[in-house]
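Only one structure is covered here, and it is reproduced in the block below.
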Amino acid sequence: MLQNTGSLAGRTLFVTGASRGIGRAIALKAARDGANVVVAAKTAEAHPKLPGTIYTAAQEIEDAGGRALACVVDVRDEQQISSAVEQAVDKFGGIDILVNNASAINLTGTLGTSMKKVDLMLGVNLRGTYLTSKLCIPHLLKSSNPHILNLAPPLNLNPIWFKNHTAYTMAKYGMSMCVLGMAEEFRGQISVNALWPKTAIQTAAMDMLGGDGIERQCRKADIMADAAYAVFSRPLAGPAHTTGHFLIDEDVLREAGLSDMEIYAVEPGHPLLPDFFLDVDTDGQSCLLVSPRATPTSKAPPSSTSSGATASDPIEETFGLIRTVLSPNLVQSTKGVYQFDLSGEHPGSWFVDLKQGAGLAGRGLPPLPPDVVMSMDSALFSRMFRGELKPTMAFMTGKLRIHGDMTLAIKLEKMMAAMRKSKL
């Protein structure tokens, strides 16, 4: 991992969303240099499902060698941000670095996204980033080496990153556009950049989106913390000066001299998921990146089943296996009707009814209105049920379209795991 050099000693960071995840990791990395950190986040009391509060994060910062100021901040609230900025300046004498990390995510299509969710994402991601920057900039301008770092993606206009979650993309790209505008507006005065992970990062949000086992396909938040640290160490002037750039964590660290990214993997050697908004080279079907020390996964060979299905009809073979795991318990735990609209080599509609009786699965439309409709290539369908690709991750990378209840996609993964287990 990137070694601390002491370059942030005595400097003050204002980090939104710093009570957990990437924000917390960045704060702790700076604290090891002896930095001052303003923990600006909403969580003042322990959440039943999410770890950390502003106070536990502040204590960790102090234990790591830094100084901390815990502030209850909803980045949509101008008064709360203004108060936190004033407290930071009063306690630490100024602000040197702003990290706009706070973000809201909801991966639903236009018809499935309530305006309450749209307002939340735009309010936190776009407006919150703009507002926090606006209130910190007067103090940043007084620093000898000021930085604004937004955890935001490159502005990739490939429609694949819009079609399944337009509202989220609009909100997240709002943070990116703040980088473009403010970098030019304050060129030579403040370094303004974006930082984005090349792969999925293990956070509470990722655990909820990806379900059980998703952490194996992620890197630790430490990689983003180390990359941010490297960016903060760059000067305001000279050949190493960087502003208006959309930086990728792995690229930043390689430039800093690190070559082994496996040290950041939750499970070294396991294939990694690419993050949103990055067009990556794959094998043409998989959305998995192969880690540097891993070997590419081979396509699973077709298998025989007791139903007598042949490899020439892989979808029927898969549904034969699905029927073997249907049960009242599975129906009770799922309570949903799935419809699969397949294209490609084996087109057609199929269904799994997990809402009544002991469950039902077959070709055609479901007997009850579907709660979720999944549209994909038939080859992708087979790969999902072989365990090579999770539905939620296929959706996140644009290979799967989901209309309806997104939570049922996560429940579907449990059924697929049971099916594979029964096959062994």
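The values are calculated or read from the model by the stated rules, or taken from the named source; none is laboratory data. Since we're looking at a predicted model, the values are computed, not measured. Here Cβ is always computed from backbone atoms with ideal geometry, including for glycine, and neighbour counts include all displayed protein chains. Keep in mind that these areas ignore ligands, DNA and RNA; they rest on the heavy atoms of the full protein, side chains included. Shrake-Rupley method; radii C 1.70, N 1.55, O 1.52, S 1.80 Å.
Would you mind finding the one in Val39, Val85, Val118, Val73 that is within 30 Å of Ser375 (Cβ to Cβ), out of contact with any His (no Cβ under 6 Å at 6 or more places or on another chain), modelled with pLDDT of 95 or more and not small (Gly, Ala, Ser)? Can you show your working first?
Working: Val39 fails: within 30 Å of Ser375 (Cβ to Cβ); Val85 fails: within 30 Å of Ser375 (Cβ to Cβ); Val73 fails: within 30 Å of Ser375 (Cβ to Cβ).
Being within 30 Å of Ser375 (Cβ to Cβ), out of contact with any His (no Cβ under 6 Å at 6 or more places or on another chain), modelled with pLDDT of 95 or more and not small (Gly, Ala, Ser) holds for just one of Val39, Val85, Val118, Val73, which is Val118.
Can you tell me which residue within region 328-349, out of those that are hydrophobic (A, V, I, L, M, F, W, C) and over 13 Å from Ser382 (Cα atoms), is surrounded by the most Cβ atoms within 10 Å (Cβ to Cβ)?
Here is the first cut: in region 328-349, the ones hydrophobic (A, V, I, L, M, F, W, C) are 330-331, 337, 340, 342.
Within this subset, residues satisfying the condition of being over 13 Å from Ser382 (Cα atoms) are 330-331, 337.
Numbers: Leu330: 17, Val331: 18, Val337: 23.
Top of the filtered list is Val337.
Out of (1) of a type outside the set (A, V, I, L, M); (2) open to solvent by less than 30 Å² (accessible area, probe 1.4 Å); (3) in contact with a Ser or Thr (Cβ under 6 Å, 6 or more places away or on another chain), the odd one out for Ser7 is which?
Looking at each condition in turn, Ser7 falls short on (2).
Could you list all residues from region 141-156 that are closer than 13 Å to Leu180 by Cα, part of a loop (DSSP other than H, G, I, E, B) and either open to solvent by less than 20 Å² (accessible area, probe 1.4 Å) or among the polar types (S, T, N, Q) (or both)? Spell out how you get there, then give the answer.
Just the residues of region 141-156 that are closer than 13 Å to Leu180 by Cα, to begin with: 148-150, 152-155.
The next check asks that each one be part of a loop (DSSP other than H, G, I, E, B); those that pass are 152-155.
Scanning region 141-156 gives Ala152, Pro153.
Quick grid of which residues meet (1) more than 20 Å from Arg11 (Cβ to Cβ); (2) under 18 Å from the mean Cα position of the chain (by Cα):
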position	(1), (2)
Cys178	yes, no
Lys198	yes, yes
Arg219	yes, yes
Met224	no, yes
Ala227	no, yes
Leu236	no, no
Ile248	yes, yes
Tyr264	yes, yes
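May I ask you to verify whether Gly188 is assigned to a loop (DSSP other than H, G, I, E, B) and small (Gly, Ala, Ser)? I'd like the intermediate steps shown before the answer.
On the way: assigned to a loop (DSSP other than H, G, I, E, B): yes; small (Gly, Ala, Ser): yes.
Yes.
Output the qualifying pairs, or none if there are none: Cβ atoms under 8 angstrom, residues six or more apart or on different chains, first residue in region 353-370 and under 12 Å from Ser333 (Cα atoms) and part of a loop (DSSP other than H, G, I, E, B), second residue among the acidic types (Asp, Glu) and open to solvent by 20 Å² or more (accessible area, probe 1.4 Å).
Within 8 Å, the pairs are Lys355/Asp371.
For region 338-348, how many residues meet the condition of being of a type outside the set (Asp, Glu), part of a strand (DSSP E or B) and within 18 Å of Ala394 (Cβ to Cβ)?
5
Can you work out which of the residues in region 243-264 that are assigned to a loop (DSSP other than H, G, I, E, B) and without any contact (Cβ under 8 Å) to a residue 24 or more places away in the chain is most open to solvent (accessible area, probe 1.4 Å)? Full working, then the answer.
Taking region 243-264 first, the residues assigned to a loop (DSSP other than H, G, I, E, B) are 243-245, 256-260.
Now restrict to residues that are without any contact (Cβ under 8 Å) to a residue 24 or more places away in the chain: 257, 259.
Working: Gly257: 62, Ser259: 89 Å².
By that ranking, first place goes to Ser259.
Cβ-Cβ below 8 Å, separation at least six or inter-chain, first residue in region 50-66 and hydrophobic (A, V, I, L, M, F, W, C), second open to solvent by 50 Å² or more (accessible area, probe 1.4 Å): which pairs?
Short answer, once both residue conditions are applied: Leu50/Arg20; Ile54/Val72; Ala57/Arg20; Ala57/Arg24; Ile61/Arg67; Ala64/Arg32.
Somewhere in region 13-30, is a residue modelled with pLDDT of 95 or more, open to solvent by 30 Å² or more (accessible area, probe 1.4 Å), assigned to a loop (DSSP other than H, G, I, E, B) and under 15 Å from Ala64 (Cα atoms)?
No, region 13-30 has no match at all.
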